[in-house]
Amino acid sequence: MQNFLKVYGKEHTPCPNCLNLFHKIKIGGRGTTYCPYCQENPYRPFVIGITGPIHSGKSTASNYFLKKGFVIFDADKEVANLYKQEVIKKHLIDLFGKDVINKNEIDKAKLTHLLQDKNNKKALMDYLYPILYKKAEEFINKASSNVILDVPLLYSSHLDNLTDFVILIDSNLENRKSRIEKEGRDSISLLKINATYPLNFVKKKASIIIDNDQGLLNLYKQLDLIKIPNGYKYQ
């Protein structure tokens, strides 16, 4: 089928049969390009990327898939675990100064303030994203079920390259602000950090856009429309 579709060197171009984008993965250290909808891929699980602005409902969507048997790679939790590592703390001190550490832990309030500066944010992401990518790749390779990659900045981190399908969860600003404040968090600072979220770009790239302003039942109804193509390791 690969030769029939002439996919060599055509990663991220449309499949002539179904118009979905070709994907490239590594199998045994070698790259192979395939159409996730027209070609069988028994080597790996089906991987769905979930992305969206802060508090749009990504975790709610991920947890719904968890109940359906998926396993979840939560980028925010992975980053929180990275922040506990001494080598990461040392690098953050090198980037932002020793005040970013308080009682041998990352000062989240201080870091949130620092990340309002786009240069600081870029410096941190440039350091963390390659680490996060490797962890996600290992997670997929070891997965015993289909996978959700819950990643706020899916495209900036290039983790979209590991997915077969991408869901953008969107929600209006007022609803997102309300959700943040219900958790007792600083909505102004968090929304300011998230103001650079490339929503228009992601809308063009995502496989599907789901509106999360009409309640949980409506969200679940939209998620139920997503089906796993035949030919993957887990159905």
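For this structure, a couple of remarks:
- Label-point gap, in nm, between Q116 and Y83 - each point 7 angstrom along Cα→Cβ: 1.7
- Across all directions, the average flat footprint of the convex hull enclosing the Cα atoms of the stretch 40-223 is 11.2 nm².
- Considering the stretch 75-175 at the alpha-carbon level, its Rg and Dmax are found to be 15.2, 42 Å.
- Radius 11 Å from Cβ of D170, net charge of other residues (Lys, Arg +1; Asp, Glu -1): +1
- Antiparallel bridges, percent of DSSP beta bridges restricted to the stretch 40-223 (to nearest 5): 10
- Normalised by 2.2 N^0.38 Å, with N the number of residues, the alpha-carbon radius of gyration of the stretch 108-158 equals 1.38.
- A Förster radius of 22 Å, combined with the Cβ-Cβ distance separating S207 from L66, puts the computed FRET efficiency at roughly 0.65.
No value in this document is a laboratory result; all are computed from the given coordinates. Everything numeric in this text was worked out from a predicted model, so none of it was measured. Positions of Cβ are backbone-derived with ideal geometry, glycine not excepted, and every protein chain shown enters the neighbour counts.
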